[in-house]
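Below are the structure tokens for one structure; questions will follow.
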Amino acid sequence: MSRFLSTCLLGFVVLLGMSAWPAAARPVQETAVATGLIIGFKDGKEERTTRHVDRGPWASERERARKTWDRSARRDRERVARLAQESGVALAGAGEAGNAHLLRLERPLKGQALDRAMRRLRLHPEVAWVEPNVLLPRQQLAPGAPNDSLYSLQWYLQPADNVTNFSGMNLPGAWTIRNGSPVVVAVVDSGVRFDHPDLAGRLLAGYDLVSEIDIANDGGGRDADASDPGDWVTVGEAGQGIFQYCSPSNSVWHGTFIAGQIAAASNNGAGVTGLNWGASVLPVRVSGKCGALVSDLLDGLRWAAGLPVAGVPVNSTPAKVINLSFGGDAPCSQAYQDTIDEVTDAGALLVVAAGNNQPLGNPTLTRPADCQRVMAVAAVRKDGAKASYSNFGSQVALAAPGGSIESNPNHFLVSTDNSGTTTPTSNSYGYKQGTSFSAPQAAGVASLMLGINPALSPAQLIDRMKTGARTHAFDAGRSTCSATHPGICNCTPSTCGAGLLDAERSLQLAAGPAAVIERLGQVEPGSVIALDGRQSVAITGSTIVSHQWQQTAGTSVTLTNSATPLAGTTLATEGTYVFRLTVVDDLGRTGSDTVQVVAAMPPPPAGGGGGSSSLLWGLSLWAWVLGAIATQRNHLSRRTRRA
């Protein structure tokens, strides 16, 4: 009887351990090399939004937020250390990864060793999810770009003629409306060359958020120097250690090129013309050799938007537009989405590249392009066809010129560059192509729109640019973009977004009134909520004459005072609800925005005091250990038989 009970108990424990593994917890790909693990706590959002409200006499709201964040970060680092010890994961240190938490591993892990470490943490009752902190490559350049210093072929800024130039963005027409706006645009990338003459007076100080010295390539970790020292990888470095899956490569000067696209000095008789003649570029360095760690990239997004990052000074010049030309091989994760949500709620539009993975056989969107609330931009050629390298999908907002090789070099993009193949040498102008460089086109246009109407929200900028986009070009000799025709193809709204970016139309649409809604988060079912649009504004010289609220998603509810700035309703049942406010000014121009609110019961408190949750976690962890031992024995047995 005793033996029977023991067998049953063991079976119960093993099943319990198996049920504790989430369905999404698949083994990590063999190619992933992680320097750490990014962790989400089950009570993570609540912890950082409701605890330790700072009442100190600090100089500003931003400084108060930084003090609160630093205190929260110190507490959470201690918690990460405790979880690592309880889970048996070797810890080198703890930190942050955007809105999530970072466990720095004692040594890099990959394959089964990485998978085991992640599983041990997932079994802990306080952990909601875990993902590896891996290097993300910048969007790779398409091959064949020449090294010429010619700079007079910016065809993509010209009006489209629908004969030889189908994808020109019509900047001359836009510049008659507004050619410069003093808007801060962050380039979260490899840093910049501050001494480039065509960027003189256009760059803010920025910050270097690369944490690993080997990746940083400048002899230090995080510091106030956002300059690009070069990101070359030698033959001796490639395939070794953290660069195990990197190839030898020259320095690219990726961030310098993008900074010039957005804001190079213009109308000065030299160099190239930037899209916004008055913008200030905020360089936020997150990448070095072989790319950027996820944790550095997410912290860089926070800092760019003016949000606090532990151990880093407050950003006194937060960006209204952020360009991120990085991709990955994984879907949007919770760490990404949580950080993007907070950046967007802070008022910053995040413009991202759709990705250049199509030639590698993966045309679908990956993070961050498949995340919610970003503006993903695909690349088209001069003739309007989707560029051969560009990823595509239903979450793309629109398409913009990214350059192409069919008429080398005339169909590439040209911008500020450097001639150095390793360390920087002479400043120059270079040609490149890729979705890395279609995204800044949209970022630059968005910054011009904000000069006309600073009250536009990120969602409104995306909506108005999509509304102003021209219809995609069509050629009967090309196939429609699809899974079976992913290369050079005819774009459609379901593959390459609403259409082709048109700067003049976008700026015209910026002049309408802006519906501004107070953000709502999560409430409990049965709550009465206020839909507050009282901060909506018209452009100078106009007034808003009407407001109209309507529900666009969720279980139907009754709205009160729906024709006023302040409406209300009761959310009786659990679910996600979306409401739209449309405002009209005295000239009949309209503007609209939406707000989302989730009605849900709060999660039960995480076990941490020796109760049943901790007991179940202990049993689950032992079950996993026993299973691992059994697997190892079977493996050794098979090896003995084969011998």
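The values are calculated or read from the model by the stated rules, or taken from the named source; none is laboratory data. A quick note: this is a predicted structure, and the numbers were derived from the prediction, not measured. When we count neighbours, we look across all protein chains shown, and the Cβ atoms used for this are built from the backbone with ideal geometry, even at glycine. Side chains are part of the model used for accessible areas, which takes the heavy atoms of the whole protein and leaves out ligands, DNA and RNA. Shrake-Rupley method; radii C 1.70, N 1.55, O 1.52, S 1.80 Å.
Does segment 36-47 contain any residue that is over 25 Å from residue 284 (Cβ atoms), at pLDDT 90 or above and either touching an Asp or Glu at 6+ places or on another chain (Cβ under 8 Å) or in a helix (DSSP H, G or I) (or both)?
yes
Among 303, 277, 253, which is the only one that is closer than 20 Å to residue 182 by Cα, of a type in the set (Phe, Trp, Tyr) and surrounded by 24 or more Cβ atoms within 10 Å (Cβ to Cβ)?
The unique qualifying residue is 303.
For segment 468-502, which positions are without any contact (Cβ under 8 Å) to a residue 12 or more places away in the chain and open to solvent by less than 70 Å² (accessible area, probe 1.4 Å)?
Hit for segment 468-502 is 479, nothing else.
Kindly indicate the residue of segment 229-250 that is under 19 Å from residue 425 (Cα atoms) and of a type outside the set (Ser, Thr, Tyr) and also surrounded by the fewest Cβ atoms within 10 Å (Cβ to Cβ) among those meeting that condition.
Quick first cut of segment 229-250, residues under 19 Å from residue 425 (Cα atoms) only: 229-234, 249-250.
Okay, now just the ones that are also of a type outside the set (Ser, Thr, Tyr), so 229-233, 250.
Working: 229: 22, 230: 22, 231: 24, 232: 17, 233: 21, 250: 12.
Ranking the candidates gives 250 first.
To continue, here is another question. How about segment 184-195: which of its residues are in contact with a Phe, Trp or Tyr (Cβ under 9 Å, 6 or more places away or on another chain) and either of a type in the set (A, V, I, L, M, F, W, C) or over 15 Å from residue 300 (Cα atoms) (or both)?
Scanning segment 184-195 gives 186, 188, 192, 193.
Follow-up question, since we're still on this one. So which of 236, 230 is free of Cβ contacts under 8 Å to residues at least 12 places away in the same chain and part of a loop (DSSP other than H, G, I, E, B)? Before the answer, list the steps.
On the way: 230 fails: free of Cβ contacts under 8 Å to residues at least 12 places away in the same chain.
The match here is 236.
Could I ask something else about it? Tell me, yes or no, whether segment 208-221 has at least one residue that is at pLDDT 95 or above, open to solvent by less than 10 Å² (accessible area, probe 1.4 Å) and over 14 Å from residue 296 (Cα atoms).
For segment 208-221, residues at pLDDT 95 or above, open to solvent by less than 10 Å² (accessible area, probe 1.4 Å) and over 14 Å from residue 296 (Cα atoms): absent.
Additional query: What are the pairs with Cβ atoms under 9 angstrom where one residue, in segment 152-164, is farther than 20 Å from residue 268 by Cβ and the other, located anywhere, is open to solvent by less than 30 Å² (accessible area, probe 1.4 Å) and acidic (Asp, Glu)? Sequence gap at least six, or different chains.
From segment 152-164, the pairs are 160/502.
Of all the residues that make up segment 312-341, how many are touching a Lys or Arg at 6+ places or on another chain (Cβ under 7 Å) and either surrounded by fewer than 21 Cβ atoms within 10 Å (Cβ to Cβ) or over 23 Å from residue 257 (Cα atoms) (or both)?
First, the residues of segment 312-341 that are touching a Lys or Arg at 6+ places or on another chain (Cβ under 7 Å): 312, 314, 325-326, 328, 330-333, 336, 339-341.
Then keep just the ones that are either surrounded by fewer than 21 Cβ atoms within 10 Å (Cβ to Cβ) or over 23 Å from residue 257 (Cα atoms) (or both); that gives 312, 314, 330-333, 336, 339-341.
Final tally of qualifying residues: 10.
Could you identify the single residue in 523, 537, 578 that is buried (at least 19 other Cβ atoms within 10 Å of the Cβ), under 30 Å from the mean Cα position of the chain (by Cα), under 25 Å from residue 458 (Cβ atoms) and among the β-branched types (Val, Ile, Thr)?
That would be 537, the only listed residue that is buried (at least 19 other Cβ atoms within 10 Å of the Cβ), under 30 Å from the mean Cα position of the chain (by Cα), under 25 Å from residue 458 (Cβ atoms) and among the β-branched types (Val, Ile, Thr).
Looking only at segment 342-362, count how many residues are touching a residue at least 60 places away in the same chain (Cβ under 8 Å), surrounded by fewer than 21 Cβ atoms within 10 Å (Cβ to Cβ) and among the small types (Gly, Ala, Ser).
The total comes to 1.
Scan (1) buried (at least 19 other Cβ atoms within 10 Å of the Cβ); (2) closer than 30 Å to residue 240 by Cα for the single condition residue 108 breaks and write down its number.
Here residue 108 meets the rest and fails (1).
Within segment 80-128, restricting attention to residues that are in a helix (DSSP H, G or I), free of Cβ contacts under 8 Å to residues at least 40 places away in the same chain and touching a Leu at 6+ places or on another chain (Cβ under 8 Å), which residue is farthest from residue 334 (Cα to Cα)?
Filtering segment 80-128 for residues in a helix (DSSP H, G or I) gives 80-87, 111-122.
After this cut, where a residue has to be free of Cβ contacts under 8 Å to residues at least 40 places away in the same chain as well, the list is 81-82, 84-86, 113.
Pick out the ones that are also touching a Leu at 6+ places or on another chain (Cβ under 8 Å) and you get 81, 84-85.
Working: 81: 21, 84: 20, 85: 24 Å.
Looking at residues that are in a helix (DSSP H, G or I), free of Cβ contacts under 8 Å to residues at least 40 places away in the same chain and touching a Leu at 6+ places or on another chain (Cβ under 8 Å), I get 85.
Residues being open to solvent by 10 Å² or more (accessible area, probe 1.4 Å) and under 18 Å from residue 133 (Cβ atoms): count how many of those fall in segment 280-298. Break it down stepwise before answering.
Let us first name the residues in segment 280-298 that are open to solvent by 10 Å² or more (accessible area, probe 1.4 Å), namely 280, 290.
Of the ones still in play, those that are also under 18 Å from residue 133 (Cβ atoms) are 290.
So the count comes out to 1.
Only one of (1) modelled with pLDDT of 90 or more; (2) farther than 25 Å from residue 337 by Cβ; (3) more than 23 Å from the chain's Cα centre (by Cα) is not met by residue 126, so which one is it?
It is condition (2) that residue 126 fails.
When residue 549 is evaluated against the numbered criteria (1) open to solvent by 40 Å² or more (accessible area, probe 1.4 Å); (2) in contact with a Lys or Arg (Cβ under 8 Å, 6 or more places away or on another chain); (3) in a strand (DSSP E or B), which criterion, by number, is the only one it fails?
(1)
Okay, moving on. Looking only at segment 169-199, filter to residues that are at pLDDT 95 or above and part of a loop (DSSP other than H, G, I, E, B); which one of those is surrounded by the fewest Cβ atoms within 10 Å (Cβ to Cβ)?
195
Residues are listed down the side, and each one gets a yes or a no for (1) buried (at least 24 other Cβ atoms within 10 Å of the Cβ); (2) more than 26 Å from residue 519 (Cβ to Cβ); (3) under 19 Å from the mean Cα position of the chain (by Cα):
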site	(1), (2), (3)
395	no, no, yes
403	yes, yes, no
413	yes, yes, no
432	no, yes, no
435	yes, yes, yes
448	yes, no, no
457	no, no, yes
466	no, no, no
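Does residue 369 fit the bill of being open to solvent by 10 Å² or more (accessible area, probe 1.4 Å), hydrophobic (A, V, I, L, M, F, W, C) and either under 16 Å from residue 323 (Cα atoms) or part of a helix (DSSP H, G or I) (or both)? Spell out the reasoning first.
Values: open to solvent by 10 Å² or more (accessible area, probe 1.4 Å): no; hydrophobic (A, V, I, L, M, F, W, C): yes; either under 16 Å from residue 323 (Cα atoms) or part of a helix (DSSP H, G or I) (or both): yes.
Against the criterion (open to solvent by 10 Å² or more (accessible area, probe 1.4 Å), hydrophobic (A, V, I, L, M, F, W, C) and either under 16 Å from residue 323 (Cα atoms) or part of a helix (DSSP H, G or I) (or both)), residue 369 does not qualify.
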